[in-house]
1. Give me a count of the residues in the stretch 227-285 that are closer than 19 Å to V330 by Cβ and surrounded by fewer than 17 Cβ atoms within 10 Å (Cβ to Cβ).
2. For the stretch 18-42, how many residues meet the condition of being on the phi < 0 side of the Ramachandran plot and either more than 26 Å from the chain's Cα centre (by Cα) or surrounded by fewer than 14 Cβ atoms within 10 Å (Cβ to Cβ) (or both)?
3. Is it true that Q109 is open to solvent by less than 20 Å² (accessible area, probe 1.4 Å) and among the polar types (S, T, N, Q)?
4. Residue check: is L218 within 16 Å of ligand 2 (Cβ to nearest atom) and either more than 25 Å from D80 (Cβ to Cβ) or of a type outside the set (F, W, Y) (or both)?
5. Kindly check whether there is at least one residue in the stretch 245-261 that is within 16 Å of ligand 2 (Cβ to nearest atom), within 17 Å of the chain's Cα centre (by Cα) and touching a residue at least 12 places away in the same chain (Cβ under 8 Å).
6. Name the single residue, out of those in the stretch 121-135 being buried (at least 19 other Cβ atoms within 10 Å of the Cβ) and of a type in the set (G, A, S), that is nearest to ligand 2 (Cβ to nearest atom).
7. Looking at the stretch 303-316, which of the residues that are more than 16 Å from ligand 1 (Cβ to nearest atom) and within 19 Å of G121 (Cα to Cα) is surrounded by the fewest Cβ atoms within 10 Å (Cβ to Cβ)?
Amino acid sequence: MIILLKKEATKKDADVILEKINNEGLKPLYMPGTERIVLGAIGDERVLEKLHLDSYPIVESVTAILTPYKLVSRDMHVQDSVVSVGNSKIGGGNFAVISGPCAIESYDQLLKTAKGIKESGAKILRGGAFKPRTSPYSFQGLGLEGLKILKQVSMEVDIPTVTEVLDISDVNDVEEYADAFQIGARNMQNYRLLQAVGKAGKPVVLKRGLAATVEDLLLAAEYIASEGNVNIILCERGIRTFETATRNTLDLNAIPYLKQHCHLPVIVDPSHGTGIREFVKPMAAASVAAGADGLMIETHYDPTIALSDGKQSLDLDGFDDLMKYINKFVAVVNS
Ligand code: PEP
Ligand code: MN
């Protein structure tokens, strides 16, 4: 429910209404704007109807939020949200590229890759320490040792980081060693994990599940937001369809849809979206043209020796070439 107060309403008027909402066991939200105070109430709307807030003299209007997700809805927050990962910003006109290897393999591998991507303009370093591999016999990541390498390289190269958290028991370690959590596609509907990162203090890159609708993605984001953490970046990374020519089908429709319905930044991962190195650059450009706030690109200083996803990883020259190309699209979108 969104409660718009009249122009003359004061913070004291708002507090009276917020208390009533709270007393009904609903979550009250105070959202002062430049001209008006807007209040929110999250929870069972039937309870709210009994309060008859629309009959209060200081209330201009009461509107139901019709979407099943509330906190992440554009109705609740008209402006684009800006999410900070370390000192890098994404959203609200801040375009940022996240890049790095699929998996952290060694200190030298990550350092070489991090230096290269930063020089080409990447703002955030990625790299998995816990890898959700389709086969249990594939490289599973370096675990805690990988997180320590990530932190060390981050400090040396002066670039903030994001890394995937696979399990609730690793949330504290990931929060200690990285600047943002990544929730992978396979865990988008792991609601206990979503609640755990929702209680944590660092931003979350939430990747769309392999068979998730955009509404499923928004409801997964709502799980995180409802625990208090609204610093969420949504990531389209391709979905499973009948098409097998590419690893996944990159759903570019998701970008305008998510941006229309939700205030959170939206980024695209064309590396997992296509699975084919040569397709990453054109689909990155298409994502920018469609309004993405950023990209996630897998890069390895030598993809031929990568322990995972080498086929879709760019080398440092390839990444530099991609950055030069997409910057033209960023300029067009901003013009
Ligand atoms: C990744 O980013 O390395 C990854 C495993 O991605 P996804 O969860 O989208 O498959
Ligand atoms: Mn990968």
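The values are calculated or read from the model by the stated rules, or taken from the named source; none is laboratory data. Predicted model only: the values in this text are computed from it and were never measured. For neighbour counting, all protein chains shown are included, and Cβ atoms are generated from backbone atoms with ideal geometry for every residue, glycine included. Each accessible area value is taken on the protein alone, full model and side chains, heavy atoms only, with ligands, DNA and RNA left out. Shrake-Rupley method; radii C 1.70, N 1.55, O 1.52, S 1.80 Å.
1. Result for the stretch 227-285: 2.
2. Just the residues of the stretch 18-42 that are on the phi < 0 side of the Ramachandran plot, to begin with: 18-24, 26-42.
Of the ones still in play, those that are also either more than 26 Å from the chain's Cα centre (by Cα) or surrounded by fewer than 14 Cβ atoms within 10 Å (Cβ to Cβ) (or both) are 18-24, 26-27, 30, 32-37.
Qualifying residue count for the region: 16.
3. yes
4. For L218, the condition - within 16 Å of ligand 2 (Cβ to nearest atom) and either more than 25 Å from D80 (Cβ to Cβ) or of a type outside the set (F, W, Y) (or both) - is not met.
5. Within the stretch 245-261, one or more residues are within 16 Å of ligand 2 (Cβ to nearest atom), within 17 Å of the chain's Cα centre (by Cα) and touching a residue at least 12 places away in the same chain (Cβ under 8 Å).
6. G128
7. Applying the first criterion (more than 16 Å from ligand 1 (Cβ to nearest atom)) to the stretch 303-316 yields 304-305, 315-316.
With within 19 Å of G121 (Cα to Cα) added as a condition, the list becomes 315-316.
Working: D315: 18, L316: 20.
Only one residue fits best here, namely D315.
Residue-wise test of (1) open to solvent by 30 Å² or more (accessible area, probe 1.4 Å); (2) touching a helix residue (DSSP H, G or I) at 6+ places or on another chain (Cβ under 6 Å); (3) of a type in the set (F, W, Y).
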| residue | (1), (2), (3) |
| --- | --- |
| Y137 | yes, no, yes |
| L142 | yes, no, no |
| M155 | yes, no, no |
| T161 | no, yes, no |
| V171 | no, yes, no |
| V174 | no, no, no |
| G184 | no, no, no |
| N187 | no, yes, no |
| L193 | no, yes, no |
